Amino acid sequence: MYPLGDVGAANLASEIVVWLFLVDDYLDDESANPDNVLSAVEWVVSRPATRPGEPMLDWLWRWCHRMVGHSSESWWASYSKAIVELTRLLCDEHKSRVSEHRPNLNEYLSRRRCTFGWGIILPMIDIVLGEELPAWLLSDYDHSMMLDAAGDIAAAANDLISFRKELAAGEFCNMVMIVHRDDHVSLDVAVQRTLDWMDSRHKTFISAKESLLSSGRDAVERRVRCVEALVRGTIDWSLAAARYSATGGKAPW
């Protein structure tokens with residue numbers, strides 16, 4: 001999103017993503033207690049004066065308090081709920097792994113955007129630009145369609161890049177692997193069907209984006225460019241990250 005906005009605010013956006021991966025990696029451990037994690041996060045986002053002793057929670061506590069000067073109370077009330085909802089779904093995903101409950105494709109897609117972190121990444125555009133989302137844009141149909149499609153594209157790309165590493169690790173919460181299992185097709189066919197789905201979401205994104213830009217408003221153009229930067233950035237990161245090195249750093253498209 002930089003240089004559209006402030007680099008310090010962009011750093012804040014990147015730091016909450018780091019915390020997301022700390023929680024995600026912690027919950028990969030079968031011995032983790034998801035209920036304790038969820039209740040602790042609910043407490044920390046209330047911004048208590050008492051500092052938690054656990055490093056993962058202390059990271060979030062410090063970040064939450066640093067955000068005081070960057071956001072309004074109403075923005076924080078909404079954003080803190082998004083952090084809790086993300087944590088809840090990650091905890092549910094942990095429970096699914098432990099119980100070996102394999103979600104079907106509809107169940108998986110209904111929560112994938114959130115578990116990918118889209119709900120906590122996207123609002124940080126407000127912080128980077130130094131302006132909250134205008135009310136008229138918040139309720140705009142094309143804006144909503146663009147954001148949902150963008151999140152789906154980024155999450156599907158991540159699944160395509162990471163599925164071989166996750167397959168080797170015995171994971172099953174991945175779109176490619178779910179299509180492979182439920183449709184009884186080869187992995188190559190499952191990859192292609194995931195690519196086809198991502199392409200359909202990209203067409204939705206382009207259509208909604210063009211409709212929004214036709215308004216000619218500067219606020220719209222800035223936000224569209226930020227969303228495009230976020231999608232590209234998350235895909236570039238997925239390709240470069242060592243955690244997905246089983247793919248050899250190559251995209252399967």
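The values are calculated or read from the model by the stated rules, or taken from the named source; none is laboratory data. Keep in mind the model is a prediction, meaning the values are calculated, not measured. Every residue, glycine as well, gets a Cβ built from its backbone with ideal geometry; the counts of neighbours run over all protein chains shown.
The sole residue among L57, L89 that is under 21 Å from A155 (Cα atoms) and either not charged (D, E, K, R) or not in a helix (DSSP H, G or I) (or both) is L89. Does P48 satisfy the condition of being out of contact with any Ser or Thr (no Cβ under 9 Å at 6 or more places or on another chain) and either outside any helix (DSSP H, G or I) or closer than 23 Å to V220 by Cα (or both)? Spelling it out, P48 is indeed out of contact with any Ser or Thr (no Cβ under 9 Å at 6 or more places or on another chain) and either outside any helix (DSSP H, G or I) or closer than 23 Å to V220 by Cα (or both).
At least 1 residues that are under 25 Å from L27 (Cβ atoms) in each: list the helices (runs of 4 or more DSSP H) lying fully within the stretch 114-192 that qualify. If you could, list the steps in order and put the result at the bottom.
On the way: elements: 118-121, 124-129, 135-138, 141-168, 175-182.
It comes to 118-121, 124-129, 141-168, 175-182.
Taken as a whole, the condition of being touching a Leu at 6+ places or on another chain (Cβ under 8 Å) and in contact (Cβ under 8 Å) with a residue 60 or more places away in the chain applies to L20. Just checking, does the stretch 95-113 include any residue being touching a helix residue (DSSP H, G or I) at 6+ places or on another chain (Cβ under 7 Å), within 20 Å of D29 (Cα to Cα), at pLDDT 95 or above and not basic (K, R)? Checked the stretch 95-113: no residue is touching a helix residue (DSSP H, G or I) at 6+ places or on another chain (Cβ under 7 Å), within 20 Å of D29 (Cα to Cα), at pLDDT 95 or above and not basic (K, R).
Only one of the numbered conditions (1) in contact (Cβ under 8 Å) with a residue 60 or more places away in the chain; (2) more than 15 Å from the chain's Cα centre (by Cα); (3) under 17 Å from V224 (Cβ atoms); (4) in a helix (DSSP H, G or I) is violated by K203, and that is (1).
Each row is one residue, and each column tells you yes or no for (1) of a type in the set (A, V, I, L, M, F, W, C); (2) exposed (fewer than 14 other Cβ atoms within 10 Å of the Cβ); (3) over 27 Å from R232 (Cα atoms).
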{"residue": "A9", "(1), (2), (3)": "yes, no, no"}
{"residue": "A13", "(1), (2), (3)": "yes, no, no"}
{"residue": "D35", "(1), (2), (3)": "no, yes, yes"}
{"residue": "L57", "(1), (2), (3)": "yes, no, yes"}
{"residue": "W61", "(1), (2), (3)": "yes, no, yes"}
{"residue": "E73", "(1), (2), (3)": "no, yes, yes"}
{"residue": "V98", "(1), (2), (3)": "yes, yes, yes"}
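Among the residues of the stretch 202-238, those identified as of a type in the set (K, R) and buried (at least 19 other Cβ atoms within 10 Å of the Cβ) are K209, R223. Of the candidates R232, R217, R243, the single residue that is among the charged types (D, E, K, R) and in contact (Cβ under 8 Å) with a residue 12 or more places away in the chain is R243. Do we have any residue at all in the stretch 9-31 that's at pLDDT below 95, polar (S, T, N, Q) and more than 22 Å from M124 (Cβ to Cβ)? Looking through the stretch 9-31, at least one residue is at pLDDT below 95, polar (S, T, N, Q) and more than 22 Å from M124 (Cβ to Cβ).
Which of the following residues is at pLDDT 95 or above and surrounded by fewer than 18 Cβ atoms within 10 Å (Cβ to Cβ): V185, V179, V191?
V185
Given the criteria surrounded by fewer than 22 Cβ atoms within 10 Å (Cβ to Cβ), among the small types (G, A, S) and more than 30 Å from C91 (Cβ to Cβ), does G170 qualify?
no
Do we find that V41 is in a helix (DSSP H, G or I), modelled with pLDDT of 95 or more and more than 18 Å from the chain's Cα centre (by Cα) in this structure? Judged against the criteria, V41 is not a match.
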